Amino acid sequence: MTEASSSAPLQALLDLADRLDADGVGGVPEAWASVKLGLLAIGLPVVAGTLGVTAARATRAIRERIERWPGELAALEVGAAGVAARPASGRLVITSDLHRAPPGGADVPAAQGTVAIYEAMLEHYAADHWVLVENGDVEDFWISGGSAYGVAYEWAKARAGRRWSSADVYREHLARTIANYPGIYGRIEEGFHRDGRYVRLFGNHDDVLEDPAVAAGLHDAHPDLEVHEHLVLRDGAAGAERTVAVVTHGHQVDSWNAADLAALGRFGTWFGSTVADAPFSESHPGMPPPEATRAMLSGRQPNVLTRVSPVLGANRDLYSLDEVWLADAFRAAYPSGDDPWLILGHTHLPVHAARLPGTDDRWDRYINGGCGVHHQMVTAIEWDGTVVGADPVVQLVAWFDAAAVPDTPDDALVTSHAGRRIARRVLAPSEDGSVLVPV
């Protein structure tokens, strides 16, 4: 138990969970998942109907929001609350969807084998003085279960505001997460934040960091760090700057995960956590399998914008951000093709200058960095604006354990870390833009 929690009842609950975990008492998350699934089955018709109606209303609202979003991003004021700025002439590595969590079954980066890979990435970019941008869903405050603590955390969230404060619950969860990844937080602090080269944005899974009382918990790892919603990359002389790119998570225009519509997304995460803990289940929703990594690194990853149902706001693969609607909105806002780059995460699906489904048309100034929880792989975006008089070089990169990908070429190997051979490949759009190709 850390000092972040000041509530005696909360401390008693979490202390009990810690004793169960320390004593190796198994079956707590499995039993609780069975109870939840049983109750869900009883109320399934009502739950399904409520979800359908809520999703339909949210989808109508988000389509209108998407139409306004290009103008809202263009009007962002540097220095306003939630808006950070950097020169477009710098070098930035942009990661997202890292989903760090306390120890246990909900620790997705550990399960996917990406912790050492990310540490190796951080060392590489820090040595070359890049700016690090972590673009949302860095710590995961939505996921639960996986241990007795994870069950207690779910209960604590449900009781927040009645028996203890929500800030206490989330500060405790954050402190445990930071303690679970000393190598990552230490490298960020020493290699980036101390030198003013770290930008932190929030997404939907770490949306509680909008609360300054919760965000202050990050100061234990990164003193005085501010958390923003948007990062604007600008160039030009003082007083005549122009926006070259906007970096933001992307949940803001997702009908299941936008701030005022997030009950749907929170339910989806709750259900996924429950399925992952169920005694009959061997799957973990949201964790890409090894085959997905092999497909991406062998040139079989589709590079196509995601569509969702125009009625329910999600597709059969449970993706809920419609990138085609976004493309249409940006084209309407910038008919001359002078739109700024839009750099997102959130979807976990990396794309770059991707095709619109069923067409040869492409959105050249859109890139999505994917996520940090592929199997044995982290995808990211490199933005290099250091060449004077030239457009920035913007590319997707994949960092991965060479042992997970047969026939990794020698020129892709970057370093050895924690006994593993870590490699990096650029993922470029194919000539027709339909797939991503390692180069």
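The values are calculated or read from the model by the stated rules, or taken from the named source; none is laboratory data. Since we're looking at a predicted model, the values are computed, not measured. Here the Cβ is made from the backbone with ideal geometry for all residues, glycine too, and neighbour counts use every protein chain on show. Ligands, DNA and RNA are excluded from the accessible area calculation, which covers all protein heavy atoms including side chains. Shrake-Rupley method; radii C 1.70, N 1.55, O 1.52, S 1.80 Å.
Antiparallel DSSP bridges in the chain: what percent, to the nearest 5?
DSSP beta bridges in the chain are roughly 60 percent antiparallel.
Rg/Rh for the stretch 184-242 to two decimals, with Rh computed the Kirkwood way over all alpha-carbon pairs. Mind showing how you got there, number by number?
On the way: Rg = 13.8 Å, Rh = 13.0 Å.
Using Cα coordinates only, the ratio equals 1.06.
Note down the magnitude of the dipole of the stretch 14-158 about its Cα centre, charges +1 on Lys and Arg C-beta and -1 on Asp and Glu C-beta and zero elsewhere, to the nearest 20 debye.
Values: 11 positive and 19 negative charges, 155 e Å.
Approximately 740 debye in magnitude.
Solvent-accessible area per residue for the chain at a 1.4 Å probe radius, Å²?
Working: 18460 Å² over 439 residues.
With all protein chains present, the chain gives 42 Å² per residue.
For the Cα atoms of the chain, what angle does the longest principal axis make with the long axis of helix 182-191, in degrees from 0 to 90, nearest 10?
30
Probe 1.4 Å, all protein chains in place: accessible area of Glu123 in Å², nearest 10?
Estimated to the nearest 10 Å², Glu123 gives 90 Å².
Might you report the magnitude of the Cβ-based charge dipole of the stretch 113-183 about its Cα centre, with Lys and Arg at +1 and Asp and Glu at -1, to the nearest 20 debye?
620
Taking springs between alpha-carbon atoms closer than 10 angstrom, which of His193, His129, His99 fluctuates most in the Gaussian network model of the chain?
Most flexible of the set in this elastic network: His129.
Give me log10 I(q)/I(0) at q = 0.15, 0.19, 0.24 Å⁻¹ for the stretch 303-396, Debye formula, one equal scatterer per alpha-carbon, no solvent.
-0.65, -0.99, -1.33
Could you work out, for the stretch 90-131, what percent of all Cα-Cα pairs fall into each 10 Å distance bin, beginning at 0 Å and stopping at the bin that holds the largest distance?
Bins of 10 Å from zero give 26, 45, 25, 5 percent of pairs.
Per the Kirkwood treatment, what hydrodynamic radius in Å, one decimal, follows for the stretch 393-437 from the mean inverse distance over all distinct Cα pairs? Let's see the in-between values first.
Working: mean 1/r = 0.0864 Å⁻¹.
Mean inverse Cα-Cα distance, inverted, gives 11.6 Å.
Out of the total accessible area of the stretch 178-290 (probe 1.4 Å, heavy atoms of protein only), what percent is carbon and sulfur?
Working: 2460 of 4620 Å².
Percent of accessible area from carbon and sulfur atoms in the stretch 178-290: 53.
Would you be so kind as to identify which of Ala85, Ala116, Val151 lies farthest towards the positive end of the dipole of the chain, taking Lys and Arg as +1 and Asp and Glu as -1 on Cβ and the Cα centre as origin?
Val151
When the Debye formula is applied to the Cα atoms of the stretch 25-123, each taken as the same point scatterer, what base-10 log of I(q)/I(0) results at q = 0.16, 0.23 Å⁻¹?
Log-scaled intensity ratios, in q order: -1.07, -1.14.
Got a sec? Charge dipole of the chain, +1 on Cβ for Lys and Arg, -1 for Asp and Glu; which of Gly24, Ala48, Gly419 is way out at the positive end?
Going by the charge dipole, the pick is Ala48.
From the phi angles alone, apply the Karplus equation (6.51, -1.76, 1.60; θ = phi - 60°) to the stretch 52-64 and give each ³J(HN,Hα) in whole Hz, x where the residue is Gly or Pro.
In residue order, the calculated couplings are x, 5, 4, 5, 5, 5, 5, 5, 4, 5, 6, 5, 5 Hz.
On C-alpha positions alone, give me the angle between the axis of helix 28-42 and the longest principal axis of the chain, in degrees, nearest 10.
The two axes meet at around 80 degrees.
In debye to the nearest 20, how big a dipole does the chain give about its Cα centre with +1 on each Lys and Arg Cβ and -1 on each Asp and Glu Cβ? Please list the in-between numbers first.
Numbers: 35 positive and 58 negative charges, 162 e Å.
In debye, rounded to 20, the chain gives about 780.
Could you state the angle between the C-alpha long axis of helix 8-22 and the longest principal axis of the C-alpha atoms of the chain, as a value from 0 to 90 degrees rounded to the nearest 10?
90
Could you tell me how far the Cα centroid of the stretch 1-68 sits from the Cα centroid of the stretch 132-192, in Å?
Answer, in whole Å: 15.
Which listed residue (His193, Val214, His173) has the Cα farthest towards the positive end of the charge dipole for the stretch 160-230, taking +1 on Lys and Arg C-beta and -1 on Asp and Glu C-beta about the Cα centre?
Most positive-ward Cα: His173.
What percent of all Cα-Cα pairs in the stretch 89-172 falls into each 5 Å bin, going from 0 up to the bin containing the maximum distance?
Spelled out per bin, shortest first, that is 3, 13, 19, 19, 15, 12, 9, 7, 3, 1, 0.
Which of Asp18, Asp360, Asp207 moves most in a GNM of the chain, Cα contacts under 10 Å?
Asp360
Quick one: the Cα spread of the chain along its three principal axes, in angstroms, biggest first?
Each principal axis gives a Cα extent; for the chain these are 61, 49, 48 Å.
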